[in-house]
Amino acid sequence: MRGSRSRWKVLLTTSALTLAFAGMAGVAQAAPAKAARAKASAPAALAKAGHGARHGGSSAGKSGPVSVAYVEVNNDSMVNVGKYTLANGGANVFDIAVIFAANINYDGSNAYLSFNPQVQSVLDNVATQVRPLQAQGIKVELSVLGNHQGAGFANFPSQSAAAAFAQQLSNAVTQYGLDGIDFDDEYADYGTNGTGQPNASSFVYLIQALRNDMPNKLITMYDIGPAASSLTYNGTDVGPLFDYAWNPYYDSWNVPSINLPNSQLSPAAIDVTSTPSGDAASLAQQTVDGGYGVFMTYNLGASDIHDYISSFTNVLYGSNAVYSG
């Protein structure tokens, strides 16, 4: 849990993709444990081969870390991400926008990908909510989160079940023209409704299948929960199959425990509505000093906060931020 910095809001789920996979009920395997990280096998080679195609770092005209903005679409519009540019050169402040959040739900027999009304509205209106950002060069991801129903990324009962859910995710990316999937393993309530406890293989199988389905799309991780602690299984480390991972605790510094280079990690995490600007600037300076390549922000809304955003863009990019309205 993120404590007082949690961004969770209960996500009602009334609309869903209904591609279901084989039953999850009754699964009870060993709890996950972090194994020694071995060199990834063939899937990692695939990820490395496609790495450049999946992302090119900061937007054109900007040198510095990739900047990420999560948007609580229950309250705010995705288009706000595209309203901030750098005074020097005009590049986007944010390189990745994350739709927060879809859910992994459970119907008593099967897990399925579900969208609450606000997420569904964003997806139904990609022409106005997503395409303008992509036209600016901003990549748009869909975050997926547990929903207190027992289904999670870490308790698939089989490799085929994990692959089936991966197919649902990749289908959504294709259907709505998105740029990738972000995983946030919170609020699954593993064991509820007869579902299984976390197991060591589940998330590994899921990420292998999703990378196979989406060789040139983003896969990112909010570094929290049983799934984030189960990245290695049977000699395969799926860490290198991710594009980025970030710290889940706002107004703090915490290096994600994943097999990725510093250039693909964000140890800094800020909530733009609650992290003091001085802390944001300090975390940005740690990012630069440590050679880290990502800076994660959460809760961007409609208000003009370019002065606040400038507190970290001046450090990351040597420029104030400008708000276009």
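Here is how the numbers come out for the structure above:
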item	result
Per-residue HN-Hα couplings for region 113-123 [Karplus 6.51, -1.76, 1.60; θ = phi - 60°; Hz; x = Gly/Pro]	7, 10, 10, 6, x, 6, 5, 4, 4, 4, 5
Directionally averaged projected area (convex hull, Cα atoms, region 89-183), nm²	6.8 nm²
Area accessible to solvent at Arg131, 1.4 Å probe radius, in Å²	90 Å²
Residues in region 69-105 that a label on Ser121 would reach, taking backbone N under 11 Å of a point 7 Å out along Cα→Cβ	73-78
Spatially proximal aspartates and glutamates relative to Lys139 (Cα-Cα < 13 Å; intrachain offsets below 8 disregarded)	Asp95, Asp179, Asp182, Asp243
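The values are calculated or read from the model by the stated rules, or taken from the named source; none is laboratory data. Given the structure is predicted, the values throughout are model-derived calculations rather than measurements. Here Cβ is always computed from backbone atoms with ideal geometry, including for glycine, and neighbour counts include all displayed protein chains. Each accessible area value is taken on the protein alone, full model and side chains, heavy atoms only, with ligands, DNA and RNA left out. Shrake-Rupley method; radii C 1.70, N 1.55, O 1.52, S 1.80 Å.
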